[in-house]
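> A single structure is presented below for examination.
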Amino acid sequence: MAGENKQQPPSLAATPAFVRSEPYSYQRPSRPHINVPTTCFETRPHQPTSLDLSPLVTANMNSSDAALLCRVIQVAIASHNKIAGKQRQGNRHLLLSDSWMYRLRYKAQCVVDHVWIGPLSVLRDVDFLKSEAFTMVLVARDVRLANTRLRTLQEACWALDMASQCFAVDYMDRGLVRELPAMVDAIKTHIVAVERRRQAGAMQDTGHDEAVRRPKVLIVCDSGNELSPGMAAGYLMAVFGQTLKQALETVVTARYSCVFDEGTKQSLATWEQILQARRAVAVDAAGSQARQQQQQQQQQQQQQDRNKRRFCDMMDVDESVHEDVKPNGACLDGSGHRNGRASFAPFLDVSLPES
């Protein structure tokens, strides 16, 4: 008994049963990693996603501008879905990433019918810009290089009569999500302006280039692999309603050298949540407007019912009060009573002599 109650040595009692494998970290937890799986074409065929028009595209736009914008968007949707359908049937040669070569990173690629992405150096190729008939160039640069003069951009825009706009993105503070709304609005405004010029040129039948030039936007950054693909993905999410993974897959399919770092993916994830909130608000507002219209129609109908006396109001008679009224509707012949009133002839024939 004395041996069982014997205490352990102090050295063994102070030894912990568990030890931590890594040192404690008192920093804020990092955001979860956004995994964008790549498709293995040898084991699983590529299934490209079809595009569709987002209901937020024409928000805060008048009917004429919305019609012009939707016309261009529908052309892009039809062209993309046609290629996607052929890819589903096994025509892999239509997929750029299957035949991607290193030198293609120095050129621009088509994401959708009216949006291209590429490096800043592609602006030196004036013949390429002229053959593709670009009408606008969007430049995404780091905020530290925002004040740098882009002489190549100025010369290309002056030679080809292209519009241009620059966006300064703060890499350190995930500033991409701040520039996406302005970028989407800039493209929408430019599309409407070009379509109006096309209509005016077609009506005047002058044969000028403005009558045949369709809106086509080129989004460039320094390398063509970081900021411009992120802005193109944000445009796809806003205009075509694609999810984050669908937009990244569409952009990577067009330009295989794209690099989406964790900061860019987190900014696009935030942009996706903003778009989801906007859609929810739009749906709720549309439902509220429909309910208000229904209530107004009901109120107008009730007002008309109060102002106009109907046949059912005349026949709804309490038999206990008006016992002389026949239940089979004998008041229709004019000889009965209407709600207790005697019959009344509105006209008298005065041609007959009175007896």
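> Restricting the search to the stretch 225-284, which residues are aromatic (F, W, Y) and more than 30 Å from Y102 (Cα to Cα)?
Result: W271, single match.
> Also, quick follow-up: Does G224 satisfy the condition of being at pLDDT 90 or above, crowded, with 21+ Cβ neighbours inside 10 Å and at positive phi?
yes
The rows are residues; the columns are (1) farther than 30 Å from S63 by Cβ; (2) modelled with pLDDT under 90.
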site	(1), (2)
A168	yes, no
M172	yes, yes
A182	no, no
D185	no, no
R198	no, yes
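> Taking the stated definitions as given, is W116 among the aromatic types (F, W, Y) and under 27 Å from G263 (Cα atoms)?
yes
> Further, regarding this structure: So for the stretch 267-288 (the condition being in a helix (DSSP H, G or I), more than 16 Å from the chain's Cα centre (by Cα) and closer than 28 Å to N81 by Cα), does at least one residue qualify?
Yes, because at least one residue in the stretch 267-288 is in a helix (DSSP H, G or I), more than 16 Å from the chain's Cα centre (by Cα) and closer than 28 Å to N81 by Cα.
> Being in a strand (DSSP E or B) and either more than 17 Å from S79 (Cβ to Cβ) or without any contact (Cβ under 8 Å) to a residue 12 or more places away in the chain (or both) is the filter here; which residues of the stretch 103-126 pass it?
Scanning the stretch 103-126 gives G118, P119.
> Residues that are modelled with pLDDT of 90 or more, on the phi > 0 side of the Ramachandran plot, crowded, with 18+ Cβ neighbours inside 10 Å and touching a Phe, Trp or Tyr at 6+ places or on another chain (Cβ under 9 Å): does the stretch 241-256 have at least one?
The answer is no, given that none of the residues of the stretch 241-256 is modelled with pLDDT of 90 or more, on the phi > 0 side of the Ramachandran plot, crowded, with 18+ Cβ neighbours inside 10 Å and touching a Phe, Trp or Tyr at 6+ places or on another chain (Cβ under 9 Å).
> Suppose we filter D113, D142, D127 for residues that are more than 25 Å from the chain's Cα centre (by Cα), of a type in the set (D, E) and surrounded by 15 or more Cβ atoms within 10 Å (Cβ to Cβ); which single one remains?
D142
> A further question on this structure: Among the numbered criteria (1) polar (S, T, N, Q); (2) surrounded by fewer than 17 Cβ atoms within 10 Å (Cβ to Cβ); (3) under 28 Å from V252 (Cβ atoms), which single criterion is violated by T135?
For T135, the failing item is (2).
Yes or no, residue by residue, for (1) in contact (Cβ under 8 Å) with a residue 12 or more places away in the chain; (2) not in a strand (DSSP E or B):
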site: F128; (1), (2): yes, yes
site: S131; (1), (2): no, yes
site: F134; (1), (2): yes, yes
site: L138; (1), (2): yes, no
site: N147; (1), (2): no, yes
site: Q154; (1), (2): no, yes
site: Y171; (1), (2): yes, yes
site: R174; (1), (2): yes, yes
site: V177; (1), (2): yes, yes
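> Yes or no: the stretch 84-107 includes at least one residue that is closer than 30 Å to C70 by Cβ, of a type outside the set (K, R), at pLDDT 90 or above and touching a Gly at 6+ places or on another chain (Cβ under 9 Å).
No, there is no match, as no residue in the stretch 84-107 is closer than 30 Å to C70 by Cβ, of a type outside the set (K, R), at pLDDT 90 or above and touching a Gly at 6+ places or on another chain (Cβ under 9 Å).
The values are calculated or read from the model by the stated rules, or taken from the named source; none is laboratory data. All values reported here derive from a predicted model rather than from experimental measurement. FYI the Cβ positions are ideal-geometry reconstructions off the backbone, even for glycines, and counts take in every protein chain you see.
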